[in-house]
Protein chains: 2
Amino acid sequence: MKRDSRLSSVLHALLHMAEHDGPMTSEALGLCLGTNPVVVRRTMGLLREAGLVAAARGHAGGWRISADLTTVSLRQLHEALGEPAIFAIGNRNETPDCLVEQAVNAALDHAFEEAEALLLERFAAVSLADLAVDFARRHAAWRAAQE
Amino acid sequence: MKRDSRLSSVLHALLHMAEHDGPMTSEALGLCLGTNPVVVRRTMGLLREAGLVAAARGHAGGWRISADLTTVSLRQLHEALGEPAIFAIGNRNETPDCLVEQAVNAALDHAFEEAEALLLERFAAVSLADLAVDFARRHAAWRAAQE
DNA sequence: CAATTTGAAACATATGAAGTTACATGAAAC
DNA sequence: GTTTCATGTAACTTCATATGTTTCAAATTG
């Protein structure tokens, strides 16, 4: 199963935007992410619809963050992306007639629901500002190591 | 992304086997699961390698459980299936040079590791015997509802 | 008007789970 | 011992879907 890496992508893009003065074009972001500008527009477009970023066309256009970094959590970004499926494992049949399969589904669903709740709770607890701080720490450590 | 439903499948198969006297053929299990006998053999073969089931060829052959239902947990089954990837969401690049992406990966990895640990813990706490009990309960309720 | 940039549709590629076909191997029945 | 039944396994096809690509319209700026 191919994994959905859009959450990772938009975080990467947003932090680059946060470190950058002025708007960044899809092409510039595509270079940072190692992907195509159209893929950037497609994914960032979902964040635009959620009001997290704004896009401007034409000369000096591009993408900029239109929200407070301290208030945007990973969970909000996950939601902005349309809450894609979290698990690569699932039930064979979600609405079985077979009582055996119903018992199996109930047990698996329960475990997955707990894990999902924990994951979303952790996502909600991390903001873009937290990531920016972590990046700054790594950057300082990297600069120190260059000496 | 297409979800891996093998854990769900083998649980369904194992509970039918537990309710059934004597070995069950791949064809019979395929009918229970709504799939092809070859798919059953392919998947059950992994459980055979883990020593959880045994297969006999020829007349009166088929699959039977070769372990104590109370000692086989969902986690053991997950392991027998080769510990397939749990999440449908992941990092774009697992070993990035970019410090921004490293910070992003660290945050996501941390959240996913916690959720994975919880899920596996829950899997470890549920045995086939537990599922058999739940099935029996559902079956009794169903019979009562038929009157 | 010309250059730049997003928006979006349409199509191509890649990956992996699941399904299918075909046949060899082994075990029991007769 | 031959027939029948069943697993073991390889090879191929199908299907879903994330990602990538091409193309062009629309909007904005110089």
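A few comments on the model shown:
- The combined condition, being near DNA strand C (Cβ under 8 Å from one of its atoms) and either modelled with pLDDT under 95 or buried (at least 17 other Cβ atoms within 10 Å of the Cβ) (or both), is fulfilled by residue B:34.
- Qualifying residue in segment B:95-102 (condition: touching a residue at least 40 places away in the same chain (Cβ under 8 Å) and assigned to a helix (DSSP H, G or I)): no
- Against the conditions (1) more than 8 Å from DNA strand D (Cβ to nearest atom); (2) at pLDDT below 95; (3) touching a Gly at 6+ places or on another chain (Cβ under 7 Å), residue A:19 satisfies every one except (3).
- Residue within segment A:86-98 that is within 8 Å of another protein chain (Cβ to nearest Cβ) and more than 16 Å from DNA strand D (Cβ to nearest atom) present: yes
- Single residue of segment B:1-21 satisfying the filter (part of a loop (DSSP other than H, G, I, E, B) and more than 7 Å from chain A (Cβ to nearest Cβ)) that is farthest from residue B:133 (Cα to Cα): B:21
- With respect to the conditions (1) farther than 30 Å from residue A:34 by Cα; (2) in contact with a strand residue (DSSP E or B) (Cβ under 9 Å, 6 or more places away or on another chain); (3) at pLDDT below 95; (4) at the interface with chain A (Cβ under 9 Å from one of its Cβ atoms), residue B:119 lacks only one, and its number is (3).
- Sole exception among (1) in contact with a helix residue (DSSP H, G or I) (Cβ under 8 Å, 6 or more places away or on another chain); (2) within 9 Å of another protein chain (Cβ to nearest Cβ); (3) under 24 Å from residue B:121 (Cβ atoms) for residue A:75, by number: (2)
- Checking each residue in segment B:14-26 for being under 17 Å from residue B:139 (Cα atoms) and buried (at least 19 other Cβ atoms within 10 Å of the Cβ) picks out B:14, B:15, B:16, B:17.
- Residues that are buried (at least 17 other Cβ atoms within 10 Å of the Cβ) and assigned to a helix (DSSP H, G or I), drawn from segment B:42-54: B:43, B:44, B:46, B:47
- Check on residue B:57, over 30 Å from residue A:2 (Cβ atoms) and either within 10 Å of DNA strand D (Cβ to nearest atom) or surrounded by fewer than 16 Cβ atoms within 10 Å (Cβ to Cβ) (or both): yes
- Verdict on residue B:65 being crowded, with 17+ Cβ neighbours inside 10 Å and under 30 Å from residue A:9 (Cβ atoms): no
- Residue within segment B:73-88 that is closer than 23 Å to residue A:10 by Cβ, crowded, with 17+ Cβ neighbours inside 10 Å and within 11 Å of DNA strand C (Cβ to nearest atom) present: yes
- The selection criterion, being at pLDDT 95 or above and more than 8 Å from DNA strand D (Cβ to nearest atom), holds for residue B:14.
- Near pairs, Cβ below 7 angstrom, 6+ apart or cross-chain, from segment A:122-147 (farther than 28 Å from residue B:116 by Cβ) to any residue that is surrounded by 15 or more Cβ atoms within 10 Å (Cβ to Cβ): A:139/B:99; A:142/B:99
The values are calculated or read from the model by the stated rules, or taken from the named source; none is laboratory data. Here the structure is a predicted model, which means the values were calculated and not measured. Backbone-built Cβ (ideal geometry, glycine too); neighbour counts: all protein chains shown.
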